Structures are given as structure tokens and as C-alpha cells.
Amino acid sequence: MRACLVRQHFFTCVSRPPLFALQRPRSARASWVKSPRAPQVSLCAGMPRASSSSATAEGPSVASLSPKPCHTCGRVITPRAKWAKNWSEIKLCSDGCRSQRPGRRTRWSCGPEEPPLATALARSSERNEEAETCSTDVECWTELAVLAVAHDGNGVKVAPTCEDVERRLLEEGRPHWPAETQASEGDGGEKDQPNGHPLYTALHSAPGLRERVRRAARRLVILAPELCAHTAAAPFDSAPAGRVELVQGSKTLQTLDDVSFAKGPIGLRWVAESRPKNASR
Ligand SMILES: [Zn+2]
């Protein structure tokens with residue numbers, strides 16, 4: 001009895017005598033596998049070579065699966081053998097993206113007069129008057145800030161960037177930061193400044209403010225609208241219809257690979273679109 005290296009099962013070959021013993025030591029087997037005779041003795045007689053796109057009892061082959069975007073970071077998820085069986089259920093690329101996925105609300109204490117967030121982006125926020133707490137999904141808030149900055153920069157000579165979104169978010173939350181932090185931000189000391197405010201902490205928590213903004217921008221470009229955080233948490237129907245595009249120099253980042261591997265500053269371009277009637281977004 002021998003093992004077929006293509007079908008990965010044992011079979012009995014009666015037409016040819018065995019050319020090697022199965023019980024060879026591992027080191028000897030390794031040198032045999034590299035020998036030019038290996039293919040002739042390892043294939044099942046009369047069986048076609050397994051196609052890279054064929055489905056097996058274990059599920060489709062890895063080569064037949066298409067890469068897709070992670071629902072947290074917006075980067076490409078490359079198919080792996082261990083995911084082949086349940087590829088359609090794989091939505092996140094890593095444990096990190098699982099723990100940082102959109103949809104978690106950050107809560108903080110606020111007075112009866114205090115708005116959840118200072119401006120129109122408060123759509124991502126809620127206030128619970130009884131408990132005197134406010135809450136927001138920071139990922140949703142970040143997506144809305146990307147859209148707002150891209151929209152506000154529409155038509156200006158120099159396109160706004162993801163860094164402008166960082167400034168917008170800090171500006172939005174500024175009324176909530178403790179006084180000592182507000183003073184230190186002017187000195188560029190915000191990164192080192194410990195800040196007890198949950199909203200500020202959430203904004204700077206892993207993966208950090210810069211990557212958080214870029215993730216939100218990638219999601220807006222590469223995911224279907226219904227998969228973006230702001231669509232579920234805060235319907236965008238009162239805002240101008242349109243979408244955001246990411247640009248680097250004269251290049252528009254359109255494909256999953258473009259968006260996944262872009263390095264350096266990323267510009268935001270607003271593309272106005274007419275909204276279909278009765279659309280939720
Ligand atoms: Zn991811």
C-alpha cells in the first residue's frame with residue numbers, strides 16, 4: 001500500500017511493484033521527494049492530476065477562492081487552507097481585527113445639557129438622560145468624519161487627507177476633553193498626554209488614531225455600503241449624496257490591492273452622486 005501525494009489517501013497498486021518503502025525515515029523521504037523520479041511513483045495510476053480549482057470533500061481548494069476585504073481594517077484577506085471549508089463566514093483577517101471591529105459603543109458621563117458630540121457628527125452618538133451618560137461607536141464616528149472632511153474639501157485646490165480627519169475628530173471631541181489636555185494639544189503633546197476621558201482613550205486605543213482613520217477610509221471605499229459602520233448606526237440620509245475616493249498623487253485607489261497596500265499620505269476626494277428615491281443612504 002502506498003500514499004498518493006495528490007489525492008492524499010492510501011491506495012493499493014497492483015500494476016507496479018513499489019519503488020520505495022513507506023516506512024523510510026523522514027530524512028530519507030525528504031531527499032526522495034526532491035528526486036526527479038518522485039512524480040512518477042507518487043501519482044495514482046489512471047487518476048487525473050487534481051485540479052487547483054476543484055472542490056473536494058473538505059471544501060473548495062484554496063486556489064479557487066477569491067481574496068476579500070476585512071470588515072474591520074478593509075485590507076485584503078488572502079484565502080488559507082484552514083479557512084477553505086467556511087470561507088464565506090470569514091469576515092475578519094485576524095484576532096486583532098476581531099477585537100477592534102466596529103459596533104462597540106464607548107460610554108461616558110455627561111451633564112443634562114451636554115450634547116453627545118459637539119457637531120452634526122453627533123449622529124453617531126446617543127445620550128441617555130436617565131443615566132446621564134453619552135455613548136458613541138468610535139468607528140462609526142470616524143467613518144462619518146472621513147465623509148464630512150471629504151465633502152467639505154470638495155472643489156478645493158489641495159484635497160484633504162486622512163490627517164485632516166484626525167484633526168476633525170479631535171476638534172469634534174474637544175469639548176469633552178479635560179482642560180489640561182486641551183492646553184497640551186496646542187503644543188503637539190497630545191500623543192504623550194494621558195487622558196482619562198473614555199472617548200479620547202477609545203479614539204487613541206489600538207490600532208491608534210492614524211490607523212483608525214485609514215481603516216475607516218478603506219472600509220468606505222472597498223466595502224458595500226451596508227457593511228460600513230455608519231450605515232447601521234446612523235443612516236446618512238440627511239447628508240449630501242455621494243461617496244469618497246482615496247487618492248495618492250494622481251492615482252485613485254480603487255482595487256482591493258491598491259487600498260490594502262497604500263503607503264504614505266492618502267487624499268480624500270468627494271464624488272457627488274444622485275441618491276435614488278427612498279434609499280436609506
Ligand atoms: Zn483586518
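Structure above, values below:
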quantity: Cut-off under 5 Å, modelled amide H: who pairs with ARG75 long-range; calculated: CYS70
quantity: Amide N of segment 202-232 lying under 11 Å from the label point, which is placed 7 angstrom from the Cα of SER99 along Cα→Cβ; calculated: 206-207
quantity: Karplus 3J(HN,Hα) series, Hz, for segment 204-213 with 6.51 cos²θ - 1.76 cosθ + 1.60 (x for Gly, Pro); calculated: 9, 5, 3, x, x, 4, 4, 5, 4, 5
quantity: Calculated FRET efficiency for the pair ARG269/TRP83, C-beta based, R₀ 45 Å, to 0.05; calculated: 0.85
quantity: Counted charge near VAL259, where neighbours are those whose Cβ lies closer than 11 Å (Asp, Glu -1; Lys, Arg +1); calculated: +2
quantity: Net charge over other residues, Cβ less than 9 angstrom from the Cβ of GLU166 (K, R count +1; D, E count -1); calculated: +2
quantity: Per-pair calculated FRET efficiency, R0 = 35 Å: GLU226 and GLN248 via Cβ, rounded to 0.05; calculated: 0.80
quantity: Modelled FRET efficiency - R0 35 Å, GLU130 with GLU171, Cβ distances, 0.05 increments; calculated: 0.75
quantity: Sorted by Cβ neighbour density within 10 Å, fewest at the top, the residues VAL221, VAL244; calculated: VAL244, VAL221
quantity: 5 angstrom amide H check on THR133, placed H, neighbours 5+ away; calculated: CYS110, ASN128
quantity: Links that overshoot a 29 Å alpha carbon limit, given the list LYS68/LYS251; LYS91/LYS157; LYS68/LYS263; LYS85/LYS263; calculated: LYS91/LYS157; LYS85/LYS263
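Each reported figure results from applying straightforward, stated rules to the coordinates on display, with no laboratory input. Just so it is clear, the model here is predicted, and its values are computed rather than measured. FYI the Cβ positions are ideal-geometry reconstructions off the backbone, even for glycines, and counts take in every protein chain you see.
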